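Participant: I have a structure I would like to understand better, so I am pasting it below and will then ask my questions one at a time.
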Amino acid sequence: MTDLTGVSQLLNKVSDDPVLRTALDRAISSYWKKRKQVMERYPYVKELADEVRRIKEWSIDHMDKLLDKAIEAVEAKGGKAYVAETAEEARKIVGELVGTGKVVTKAKSMTTEELKLREFLIERGNEVYETDLGEFLVQFLGPKPMHFISPSIHLTREKVAEFLKDFMGVEVDKDDVEGMVALVRKFLRDKYFSADVGISGANAFAADRGAVFLIENESNIRLSISLPPKHIAVVGMEKIVPTMSDAWKVVEVISRYGGYKVTSYINTVMGPARRGDGDIGPEEYHVIFLDNGRREASKDPILKQTLYCLRCGACQYLCPVFGIVGGYWAGLESAYSGGIGVMWEYITGDKETSTQHAFACLLCGRCIEACPVRINQPEVLREIRRRLMERI
Ligand code: SF4
């Protein structure tokens, strides 16, 4: 049964949380300063974003064809490709590839959050470490990633200093952010070398070369997926674009709209290492293409725009509702958050709960201004509400 009271109670409660308000205010104002500088420095990026919208429209309309091409390219290079229709199927494939009693290093990935993969692998007796600093904090402090790019947006540096003191037994100055980063890096360094498996998502996937593209700033992804002997990439089917050149355009737009003047690393992985050719890196490359509602959504004239989403997080920073309740909007059970998160949850997860959260949107449309690919979230959220009203 639809329970809008539960949703409004949750959102009302968190809107009174002073720590959350401070953390969100700091993060949002810092993002807009950075975005202004980025747009001045790279004025061409708006045109590039329009091109990326066209690439995504074409790719979503030809998802099945691109998927076949992507599988062929992965296997031609000696990798193994899998198609998971559901979250359960994806977990099963990863579970078999990892086994039990293993050490796993993970790159930040919303798609693996959608699968609750870390929790699943830990339950099976593995040691799993998130290696992105923000995601590492979320792993231990919870409750879930609160933003696409900045998962620990809800945590103040004061709170992080407190946690590090408890977790590592070291006194840290709350204003010494670099010192805190160095501590976590040191802790993770041993894990990269002892890991049996590295797991990543994908920011884009080039069908012509079977290549995963991964953006990062901390070099943690590079270490997570190149030191262990096995690399598993979990790729939402909407990430596949036709060519390497298309994928480069996608990652550039994500970086710029994510507020990065310079992104430290863009990794591309095109297959397992071939020792005979002197390659270094994992000898096993497994790519799991995840459907979990995406193919059905690609045929829905309204919902399909969700699949153009690059997960840059810009709309979350401009949304007035997100500015008050942050990632709690979409619910604690959902990996996703914000208006776009409600849409993702509707496609990949719990339709009932996401429909309830759709009612929190003010339909102001500020998210369309922020979005590089101009996704009309109010239109989609209004449609999700309309579908509910038809049922009751
Ligand atoms: S909807 Fe647009 S702005 Fe929001 S995360 Fe997706 S691509 Fe970025």
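Participant: State the number of residues belonging to segment 350-387 that are within 24 Å of THR86 (Cα to Cα) and within 11 Å of the ligand (Cβ to nearest atom).
Facilitator: Total satisfying the criteria: 1.
Participant: Out of the residues in segment 314-330 meeting the condition of being of a type in the set (Gly, Ala, Ser) and crowded, with 24+ Cβ neighbours inside 10 Å, tell me which one is nearest to the ligand (Cβ to nearest atom).
Facilitator: ALA314
Participant: Show the residue pairs that are 6+ apart or on different chains and have beta-carbon atoms under 7 Å apart, the first residue being within segment 268-286 and under 13 Å from GLU75 (Cα atoms), the second being basic (Lys, Arg) and part of a loop (DSSP other than H, G, I, E, B).
Facilitator: Pairs found: MET270/LYS77; MET270/ARG209; GLY271/LYS77.
Participant: Of everything in segment 113-133 that's touching a Lys or Arg at 6+ places or on another chain (Cβ under 7 Å) and not hydrophobic (A, V, I, L, M, F, W, C), which residue is farthest from ASP196 (Cα to Cα)?
Facilitator: ASP132
Participant: Right, GLU390: of a type in the set (Asp, Glu), at pLDDT below 95, more than 9 Å from the ligand (Cβ to nearest atom) and in a helix (DSSP H, G or I) or not?
Facilitator: Answer is yes for this residue.
Participant: Exactly one of (1) under 22 Å from LEU214 (Cα atoms); (2) among the hydroxyl-bearing types (Ser, Thr, Tyr); (3) more than 15 Å from the ligand (Cβ to nearest atom) is unmet by TYR308. Its number?
Facilitator: Result: TYR308 passes all but (3).
Participant: Does THR111 satisfy being closer than 25 Å to VAL184 by Cβ, touching a residue at least 60 places away in the same chain (Cβ under 8 Å) and of a type outside the set (D, E, K, R)?
Facilitator: When the stated conditions are applied, THR111 passes them.
Participant: Within segment 37-49, identify whether any single residue is within 21 Å of the chain's Cα centre (by Cα), surrounded by 11 or more Cβ atoms within 10 Å (Cβ to Cβ) and outside the structural domain of VAL262 (by TED's automatic domain parsing), and answer yes or no.
Facilitator: yes
Participant: Pairs, please: C-beta under 9 Å, at least 6 apart or cross-chain, first residue part of a loop (DSSP other than H, G, I, E, B) and in segment 240-256, second of a type in the set (Lys, Arg) and more than 12 Å from the ligand (Cβ to nearest atom)?
Facilitator: These pairs meet every condition: PRO242/LYS69; THR243/ARG209.
Participant: So if I check each of ASN220, ASN267, which one is under 18 Å from the mean Cα position of the chain (by Cα) and buried (at least 24 other Cβ atoms within 10 Å of the Cβ)?
Facilitator: ASN220
Participant: Let me ask another. Could we say that LEU188 is more than 16 Å from the ligand (Cβ to nearest atom), in the same structural domain as THR243 (by TED's automatic domain parsing), closer than 30 Å to ASP64 by Cβ and in contact with a strand residue (DSSP E or B) (Cβ under 7 Å, 6 or more places away or on another chain) here?
Facilitator: no
Participant: Here's a follow-up. Could you grab me the full set of residues in segment 133-164 that are outside any loop (DSSP other than H, G, I, E, B) and exposed (fewer than 14 other Cβ atoms within 10 Å of the Cβ)?
Facilitator: Passing the criteria: PHE140, GLU158.
The values are calculated or read from the model by the stated rules, or taken from the named source; none is laboratory data. Since this is a predicted model, take the numbers as computed values, not measurements. Counting neighbours? That spans all protein chains shown, and the Cβs are built from the backbone with ideal geometry, glycine included.
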